[in-house]
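The values are calculated or read from the model by the stated rules, or taken from the named source; none is laboratory data. Please read all numbers here as calculations on a predicted model, not as lab measurements. Cβ placement follows ideal geometry from the backbone for every residue including glycine, while neighbour counts extend to all protein chains displayed. Calculation scope for accessible area: heavy atoms of the full protein, side chains included, ligands and nucleic acids excluded. Shrake-Rupley method; radii C 1.70, N 1.55, O 1.52, S 1.80 Å.
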Amino acid sequence: MGVTCLIPCYDERERIAAVLDVVTKVNGIRQVICIDDGSSDNTATMVSRQWPTVQVIRLSQNRGKAAAIQYGLQFVQHESVLLMDADLQELDGAELERAIAAFQNTTKVDMLILRRIRSPWFVRWYRSDILLSGERLLRRSDLEKVLSQPVARYQLEVAINRYMIKRRKRVRWMPWSAMNTYKVDKLGVLEGSRREFKMYVEIVDYVGFVHMLVQLSSFTRKLKKQKSMTNEWLRFLSGIRVS
């Protein structure tokens, strides 16, 4: 069963190469779609030239991450979707392959979040490394339902979380060693901090303070290591005694 990887991007020409170099070589990913969200740095042109197998979709103006994903969904060919940020560093293809295998082979897991375990301590303290992780595997049908409601810009991840909680979906996380690029590194301390603050205001305003506390306190836990059928069968046989 194949996976479609959706990568929204906005002026990420200097960073997206590190992401595409990995995801285009991962077993299980059958389709990679890059949605250029109105970039002004020729990101789409560069991607088309260097990665001809990547499907590039361009929006004429910047509409935000949620709108870019929503637009890209119409081109998705597989039910399993991997959302991926364009500004990641130090990706590990083997980790992605393990995550895809776990999502597709684990019974009744509706979404698998790749937890950014190398995030700064304060990010881990308020669980942003899980709740706001842009790397997650879920079903296209669920993502379509999330985006059938009004969702804008930075609200995508918490909107997905809320959808999963309200419908009692089973969500788990796995460790993920890749690191994202913070806004202060892209835009400078003043503008980057302003954008970060705006992002959190939009997020809390969207889901509400009470539901945000629910996500912070109790949403999802680590995926347990799955026992192979071979090991289970051997244990069964070892328990049989010959009379």
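The table for this structure:
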item	result
Of residues in the range 198-222 being hydrophobic (A, V, I, L, M, F, W, C) and open to solvent by 70 Å² or more (accessible area, probe 1.4 Å), the one modelled with the highest pLDDT	LEU213
Residue in the range 80-98 that is assigned to a strand (DSSP E or B), buried (at least 22 other Cβ atoms within 10 Å of the Cβ), in contact with a Cys (Cβ under 7 Å, 6 or more places away or on another chain) and at negative phi present	yes
So ASP11, is it modelled with pLDDT under 95 and either assigned to a strand (DSSP E or B) or buried (at least 18 other Cβ atoms within 10 Å of the Cβ) (or both)	yes
Those residues of the range 22-31 which are more than 15 Å from VAL56 (Cα to Cα) and part of a helix (DSSP H, G or I), in sequence order	VAL22
3 or more residues open to solvent by 10 Å² or more (accessible area, probe 1.4 Å) and of a type outside the set (Asp, Glu): qualifying strands (runs of 3 or more DSSP E) within the range 104-178	171-176
Those residues of the range 63-73 which are open to solvent by 40 Å² or more (accessible area, probe 1.4 Å) and either over 22 Å from GLU144 (Cβ atoms) or assigned to a helix (DSSP H, G or I) (or both), in sequence order	LYS65, GLN70, TYR71
Considering residues of the range 16-62 that are charged (D, E, K, R) and either in contact with a helix residue (DSSP H, G or I) (Cβ under 8 Å, 6 or more places away or on another chain) or closer than 25 Å to SER80 by Cβ (or both) only, the residue surrounded by the most Cβ atoms within 10 Å (Cβ to Cβ)	ASP36
Residue, farthest from VAL151 (Cα to Cα), within the range 87-105, restricted to residues that are out of contact with any Leu (no Cβ under 9 Å at 6 or more places or on another chain) and of a type in the set (Gly, Ala, Ser)	ALA94
Among residues of the range 11-46, those that are closer than 26 Å to ARG139 by Cβ and not charged (D, E, K, R), counted	15
